[in-house]
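Okay, structure first, notes after.
The values are calculated or read from the model by the stated rules, or taken from the named source; none is laboratory data. From a predicted model like this one, the values you see are computed outputs, not experimental measurements. For neighbour counting, all protein chains shown are included, and Cβ atoms are generated from backbone atoms with ideal geometry for every residue, glycine included. Remember, those area values only see protein heavy atoms, side chains included, never the ligands or the DNA or RNA. Shrake-Rupley method; radii C 1.70, N 1.55, O 1.52, S 1.80 Å.
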Amino acid sequence: MKKLLIIGSLNLDMTVNVDHMPAVGETIISDRMHLVPGGKGANQACAAGCLRADVAMLGAVGEDTYADIQMASLQKAGVDVSRIIRRQDASTGVAFITVNSEGDNSIVVVSGANATLSCEDIDTHIDLLKEADVIMFQLEIPIETVLYGAKMGKKFGKTVILDPAPVPKDFPEELYRYVDVIKPNETELQMLTGIADIEEHLPEAADWLRKKGVKHVLVTLGEKGVYLEAEGEAACRIPALQVETVDTTAAGDSFTAAFAVMLAQGKSMKESAVFANYVSALVVTRKGAQSSIPSLEEVEDFIRQTEQMK
Ligand code: RIB
């Protein structure tokens, strides 16, 4: 089986459900708060594990109970957590998430130990990069660590996938050269390319990224589906599946992970994106980050049921 390696963040999510997002200066009341393991990197690892991929994670947490909750969740999903670094002098990352009645969220991340993942950590665990077939990054760890890790991944001939979330102010253009597949959402694509009204200019935005060195561009557009521009394949749109959205947290992370799992199994870019679309559609029907990630059986059932209804 091909090996996946996720290099990235682990957080404990503190999620509150509200009717509407608070405006500046507004106080609102929520009757619920949930503590759920999250973090864009850990969510990807959890999703890949739930889909029964051979997946390891490299990241950093503190010596605290939040880390224990996170480790237990990843272990339950079958992720190799042996390279997750426990820092004595930093706390586990925390995300404060507000989810409104439409299921949309806004997130503030306190990086904690995620901010300590360094190029030296990559060097220490370089055997993991050499053993992996697909290496995945997001941007909740230092950008120089991502740049170095992606550079090493490319040097070893691995498939490098980047979920550019959140886009930092100092995004280094050099990174594009080491990325095989980039998976921004609409907002991230706009921030990366500077192109306004992305929906109207998807081909131009994708071409912009490909001219910088990225081979394949996959854009998640929420209820407008997915846009895929892969090298050697005709550009295509994959429509969103009609589901009842409860909470969109981790939808993008699980989409990217599911896409990578299928790609590692030898599926085409389009087949992988179609499968990933099913996974993220299920994720948005459930609350929380890792708590919303389905098993392979649940995804297969969902695909069967959707096909039968056509
Ligand atoms: O993408 C969702 C994730 O973003 C949450 O789990 C939160 O931890 C933040 O990293």
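If you take every DSSP beta bridge whose two residues both sit in the chain, what share of them, in percent to the nearest 5, is antiparallel?
In the chain, approximately 40 percent of DSSP beta bridges are antiparallel ones.
So how exposed is Glu200, as accessible area in Å² (1.4 Å probe, rounded to 10)?
Per-residue accessible area (Glu200): approximately 120 Å².
If each of Met1 and Asp127 carries a label point 7 Å out from its Cα toward its Cβ, how far apart are those two points in nm?
It is 2.1 nm.
If I take R0 = 51 Å and measure r between the Cβ atoms of Gln88 and Arg286 in this structure, what FRET efficiency does the formula 1/(1 + (r/R0)^6) give, to the nearest 0.05?
Approximately 0.90, to the nearest 0.05.
Using the heavy atoms of the protein chains and a 1.4 angstrom probe, tell me the accessible area per residue for the chain in square angstrom.
On a per-residue basis, the chain sits at 43 Å².
Would you grab the residues whose amide H sits under 5 Å from the one on Gly38? Only those 5+ places off in sequence or on another chain, please, with H modelled 1.01 Å from N.
Asn11, Leu12, Asp13
Glu173 label point, 7 Å along Cα→Cβ, cut-off 14 Å on backbone N: hits in the stretch 184-228?
Only 192-194, 208-214 pass the distance filter.
Give the separation of the Cα centroids, the stretch 49-90 to the stretch 189-247, in Å.
31
Can you run phi through the Karplus equation (6.51, -1.76, 1.60; θ = phi - 60°) for the stretch 69-75 and list ³J(HN,Hα) in whole Hz, with x for Gly and Pro?
So the Karplus estimates, Gly and Pro as x, are 4, 5, 4, 4, 5, 5, 4 Hz.
Taking the Cα-to-Cβ direction at Val110 and at Gln75 and moving 7 Å from each Cα, how far apart do the two end points lie in nm?
It works out to 2.6 nm between the two label points.
Quick one: which residues, 5+ away or cross-chain, put their amide H under 5 Å from the amide H of Ala90? H built at 1.01 Å from N.
Answer set, sorted by chain and number: Glu63.
Go through Cys119, Cys46 and list them by solvent-accessible area, largest first, probe radius 1.4 Å.
Cys119, Cys46
Pull out the extension gain between Lys155 and Met21, defined as 0.36 nm times the separation in residues minus the alpha carbon to alpha carbon distance; nm, one decimal.
43.8 nm
If the chain were replaced by its equivalent ellipsoid, with semi-axes equal to the square roots of 5 times the Cα gyration tensor eigenvalues, what would those be, largest first, whole Å?
25, 25, 20
Quick query: amide H of Val246 versus all other amide H atoms, modeled in the peptide plane; which residues come in under 5 Å with a sequence gap of 5 or more or a different chain?
Answer set, sorted by chain and number: Thr285, Arg286.
Rounded to the nearest 10 Å², what accessible area does Lys158 show when all protein chains are kept and the probe is 1.4 Å?
Near enough 30 Å² of accessible area.
For the stretch 246-253, take each phi angle, set θ = phi - 60°, evaluate the Karplus expression 6.51 cos²θ - 1.76 cosθ + 1.60, and give the result in whole Hz per residue in order, putting x for glycine and proline.
With the stated coefficients, the stretch 246-253 comes to 10, 6, 7, 4, 6, 5, x, 4 Hz.
I'd like the Karplus ³J(HN,Hα) series for the stretch 211-223: coefficients 6.51, -1.76, 1.60, θ = phi - 60°, whole numbers in Hz, and an x wherever there's a Gly or Pro.
Computed from phi, the couplings for the stretch 211-223 are 5, 7, x, 6, 7, 10, 10, 10, 10, 8, 10, x, 5 Hz.
Tell me, what is the 1.4 Å probe accessible area of Ile126, in Å² to the nearest 10?
Accessible area, nearest 10 Å²: 40 Å².
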